[in-house]
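Chemist: This is the structure I have questions about; it appears just below.
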Amino acid sequence: MSDEDLQGLSDRQLRAQRRRLAASLGRLEATLPGSLVRQGRRCSSSGCRCRRGELHGPYLYLALYAAGRNRTLYVPAALETVVEEHVGVTQRNEAALEQIARINVELLRRRALG
Ligand SMILES: [Zn+2]
């Protein structure tokens, strides 16, 4: 919802929406930041086909931004499904929290936060 959409709702509607969003939060213990990317890789063997551009993989990585830098963490094949689930839950929770935050800013603007 855009800020304009939020402004079009009554205090009561905003609170109802906020309640629905809060109730939609799930599995907070599964929180795993970052986004998933598939990348081909070069190995250390000098004669390998990957040196000619035929990369190994692609493999799944979790791209993270932490402590001021980007890094990627290899996701073993056996954990792909679990990691995808965790990242998906996290992205949905973050979207809901962001929406709740915007509603609360709007309620404060109206002097109706409570
Ligand atoms: Zn190779």
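Chemist: Could you work out what % of the accessible surface of the chain is carbon and sulfur, using a 1.4 angstrom probe and leaving DNA, RNA and ligands out of the count?
Modeler: Numbers: 4110 of 7840 Å².
In the chain, the share of accessible area belonging to carbon and sulfur is 52 percent.
Chemist: Shifting gears a bit: Can you give the FRET efficiency for residue 63 and residue 29, using 1/(1 + (r/R0)^6), R0 = 22 Å, r = Cβ-Cβ distance, to the nearest 0.05? Walk me through the intermediate numbers first.
Modeler: Details: r = 22 Å, r/R0 = 1.00.
In this case the efficiency is close to 0.50.
Chemist: Highest mean first, what order results for 45-54, 92-101 on Cβ atoms within 10 Å?
Modeler: Details: 45-54: 9.8, 92-101: 14.7.
Result, highest mean first: 92-101, 45-54.
Chemist: Taking the Cβ of residue 9 as the centre, find all other residues whose Cβ is under 10 Å away and add up their charges (Lys, Arg: +1; Asp, Glu: -1).
Modeler: Working: positive: 12, 15; negative: 5, 11, 106.
Net of charged neighbours comes to -1.
Chemist: Under a point spin-label approximation (7 Å from Cα along Cα-to-Cβ), what is the residue 72-residue 17 distance to one decimal in nm?
Modeler: Going from the residue 72 label point to the residue 17 one covers 3.8 nm.
Chemist: Compute the FRET efficiency between residue 45 and residue 105 as 1/(1 + (r/R0)^6), taking r as their Cβ-Cβ distance and R0 = 35 Å, and round to the nearest 0.05. Provide the component values of the computation, followed by the final result.
Modeler: Numbers: r = 55 Å, r/R0 = 1.58.
With a Förster radius of 35 Å, E is 0.05.
Chemist: What FRET efficiency would be calculated for the residue pair residue 3, residue 92, taking the C-beta separation as r and a Förster radius of 25 Å, to the nearest 0.05? Intermediate values should be presented prior to the final figure.
Modeler: On the way: r = 21 Å, r/R0 = 0.84.
Result of the calculation: an efficiency of 0.75.
Chemist: Rank 1, 107, 77 by how far each Cα sits towards the positive end of the charge dipole of the chain (+1 on Lys, Arg Cβ; -1 on Asp, Glu Cβ) and give me just the farthest.
Modeler: 77
Chemist: Let me know the shape class of the range 60-114, please: from the alpha-carbon gyration tensor, a ≥ b ≥ c as square roots of the eigenvalues, rounded when a/c is under 1.5, otherwise prolate if a/b is greater than b/c, or oblate. Don't skip to the end; give the middle numbers.
Modeler: Details: a/c = 6.67, a/b = 2.40, b/c = 2.78.
Oblate is the answer for the range 60-114, as a/c is 1.5 or above yet b/c matches or exceeds a/b.
The values are calculated or read from the model by the stated rules, or taken from the named source; none is laboratory data. Worth saying up front: this structure is predicted, and the values here are computed from it rather than measured. Backbone-built Cβ (ideal geometry, glycine too); neighbour counts: all protein chains shown. Remember, those area values only see protein heavy atoms, side chains included, never the ligands or the DNA or RNA. Shrake-Rupley method; radii C 1.70, N 1.55, O 1.52, S 1.80 Å.
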